[in-house]
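Working notes for the structure below.
A short reminder: the numbers here are calculations on the coordinates, not readings from a lab. Remember, predicted model here, so these are calculated numbers, not experimental data. Cβ placement follows ideal geometry from the backbone for every residue including glycine, while neighbour counts extend to all protein chains displayed.
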Amino acid sequence: MLVIRDEQMRAFTAQACKEFEEGRVPELKLRFPVAFERLQEAGVRRLVARAIVVARQLGINSENDVGDLLDLMLLLGESFCDDPAYEFECSPLRDRDLPPEARMALTMARFGLTSPISEAQSLPTASDAHE
């Protein structure tokens, strides 16, 4: 039987997060040129790390879902999921009764978005979202 110790799991997780960041940064530069210019590479890397932390707190684990969360953070702001203006759209993220794989998909649907997102897509403003 294979036994993976906690320190090994932490090393695997750290490596997976680093690979996620390395893959996302150039992709984000292409899909979000305005945000990338504003944040610069260091800021984008910080946001990638923040998205991973927020995703863990929300119980979101899939790479695609973490990527969608990151995309929304770029477009709507780092703390969009705590913004009362987006309470309806973001409530699935905190709903522990929903399976983790459904939370991000439902949130994206409530914003009227499909993955992958780009700056070219038109996002509803907070006031538009509830009209």
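So the values come out like this:
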item	result
Sparsely packed trypsin sites (Lys or Arg not before Pro) within the range 39-100, loop by DSSP, other Cβ within 10 Å at most 12	Arg96
Asp82 paired with Glu19, simple spin-label distance in nm, labels 7 Å along Cα-to-beta-carbon	3.1
Nitroxide proxy distance, nm - points 7 Å out along Cα→Cβ at Val34 and Asn61	3.7
Efficiency of FRET between Asp95 and Arg50 - r from beta-carbon atoms, R0 22 angstrom, step 0.05	0.55
